[in-house]
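Undergrad: For reference, the structure I am asking about is given below.
The values are calculated or read from the model by the stated rules, or taken from the named source; none is laboratory data. Just so you know, these numbers come straight off a predicted model, no measurement behind them. Cβ coordinates were reconstructed from backbone atoms using ideal geometry, including for glycine residues, and neighbour counts include every protein chain displayed. The area values use the complete protein model at the heavy-atom level, side chains included, leaving out ligands, DNA and RNA. Shrake-Rupley method; radii C 1.70, N 1.55, O 1.52, S 1.80 Å.
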Amino acid sequence: MGFFDFMTEDIAIDLGTANTLIIHNDKVVIDSPSIVARDRISGKIIAVGKEANMMQGKTHENIKTIRPLKDGVIADFDASEKMISMFIKSIPALKKKMFTPALRMVVCIPSGITEVEMRAVKESCERVNGKEVYLIHEPMAAAIGIGIDIMQPKGNMIVDIGGGTTEIAVIALGGIVCDKSVKIAGDVFTNDIVYYMRTQHNLFVGESTAEKIKITIGAATDDLETPPDDMSVQGRDLLTGKPKQVEVSYREIAKALDKSIQRIEDAIMETLSQTPPELAADIYNTGIYLAGGGSMLRGLDKRISQKTDLPVYIAEDPLRAVVRGTGMALKNIPKFRSILIK
């Protein structure tokens, strides 16, 4: 292929509702929140990623923070395109280039996505100079990233709990046999915490604070072996209007998240009940693999294990499992040709 090859750079993108990760030359070069800040007057994007994330909930009327992806799909086409383009431009190795190289990209998408949503992702990528754009389903990418040999005639179950969606899939022979995508994931957990603080403590907290609570003391069960310490949470008192602080324990958060976790459990049970018997036999032996940021919720693995009577394993570095798998698919496009969507 010669000259064109020399000009082409390969990148793998996990375009997530909460975080966007990019791999270039086998290294994760971008790992940032999927959020942009726009100047209302000029319409210009003034910050992206971590910088824009720090502005969230603290803006005046001339700045608006936007999360371009909702429920794993592009909600704001213009903002998402600018975000992807700014992330790609900030990759250190590509900065040195005189002009933007042509890109060969593999991007992962949720499995419950429609044709139109799929085209939105593709077009966004083509506009930032993607010459060859391949799409891969998230649970597939997660399985590859976890290190499962997906081409084997063996059933494996993946549960990927992201920011916008939870993807559940049974994978065998390089294909998804049965899958379910539910819109209950990290964002819903965060909103559950906001609601709980409001109703139980009369305390109004912002999304960033709720997210911090989730990461610091979030739990899926109230009997943890090594419970985290209580956390001081600051917000606005709904009764007096004054700023105030309350102490919150992990047990309260487990209570707040209980309903949402139940719905994820139900989705897992439903997927298991649709699994063909031969694959169910495999899954009895291999268990369930958890990936995505939501899998880091304390005690979630144990809770799912009790519900399903199956062993549950958390991927190492679950936040990056999907992008790792996407990167592996990119390195070996011929091998994974069958699972990549052109």
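Undergrad: Restricting to the stretch 102-126, count the residues that are farther than 25 Å from residue 271 by Cα and polar (S, T, N, Q).
TA: 1
Undergrad: Could you list, in sequence order, the residues of the stretch 80-103 that are within 14 Å of residue 24 (Cβ to Cβ) and either outside the structural domain of residue 135 (by the TED database) or in a loop (DSSP other than H, G, I, E, B) (or both)?
TA: Of everything in the stretch 80-103, those that are within 14 Å of residue 24 (Cβ to Cβ) and either outside the structural domain of residue 135 (by the TED database) or in a loop (DSSP other than H, G, I, E, B) (or both) turn out to be 90, 91, 96, 97, 100, 101.
Undergrad: Within the stretch 43-72, which residues are among the aliphatic types (A, V, I, L, M) and open to solvent by less than 80 Å² (accessible area, probe 1.4 Å)?
TA: Answer for the stretch 43-72, where residues must be among the aliphatic types (A, V, I, L, M) and open to solvent by less than 80 Å² (accessible area, probe 1.4 Å): 45, 46, 47, 48, 52, 55, 63, 66, 69.
Undergrad: State whether the residues of the stretch 313-320 include one that is in contact with a strand residue (DSSP E or B) (Cβ under 6 Å, 6 or more places away or on another chain), open to solvent by 80 Å² or more (accessible area, probe 1.4 Å) and assigned by the TED database to the domain that holds residue 169.
TA: There is at least one residue in the stretch 313-320 that is in contact with a strand residue (DSSP E or B) (Cβ under 6 Å, 6 or more places away or on another chain), open to solvent by 80 Å² or more (accessible area, probe 1.4 Å) and assigned by the TED database to the domain that holds residue 169.
Undergrad: From the list 221, 226, which residue is of a type in the set (Val, Ile, Thr) and open to solvent by 50 Å² or more (accessible area, probe 1.4 Å)?
TA: 226
Undergrad: Got a sec? Which of 9, 61 is in contact with a Lys or Arg (Cβ under 8 Å, 6 or more places away or on another chain), part of a loop (DSSP other than H, G, I, E, B) and of a type in the set (D, E, K, R)?
TA: That would be 61, the only listed residue that is in contact with a Lys or Arg (Cβ under 8 Å, 6 or more places away or on another chain), part of a loop (DSSP other than H, G, I, E, B) and of a type in the set (D, E, K, R).
Undergrad: For the stretch 90-106, give me each residue that is open to solvent by 10 Å² or more (accessible area, probe 1.4 Å) and modelled with pLDDT of 85 or more.
TA: Residues satisfying the conditions are 90, 102, 104.
Undergrad: Tell me, please, whether a residue that is over 18 Å from residue 286 (Cα atoms), at pLDDT 90 or above and open to solvent by 40 Å² or more (accessible area, probe 1.4 Å) can be found in the stretch 139-161.
TA: no
Undergrad: Also, I was wondering about something else. Go through the stretch 26-44 residue by residue and tally those that are part of a strand (DSSP E or B) and within 20 Å of residue 11 (Cβ to Cβ).
TA: Summing the residues that are part of a strand (DSSP E or B) and within 20 Å of residue 11 (Cβ to Cβ) in the stretch 26-44 gives 8.
Undergrad: Same structure, new question: In the stretch 64-79, what residues are in contact (Cβ under 8 Å) with a residue 24 or more places away in the chain and in a loop (DSSP other than H, G, I, E, B)?
TA: 67, 68, 71, 72
Undergrad: Something else now. For the structure I just gave you, tell me whether residue 113 is of a type in the set (A, V, I, L, M, F, W, C), open to solvent by less than 60 Å² (accessible area, probe 1.4 Å), out of contact with any Asp or Glu (no Cβ under 7 Å at 6 or more places or on another chain) and at negative phi.
TA: yes
Undergrad: May I ask you to verify whether residue 122 is open to solvent by 20 Å² or more (accessible area, probe 1.4 Å) and in contact (Cβ under 8 Å) with a residue 40 or more places away in the chain?
TA: no
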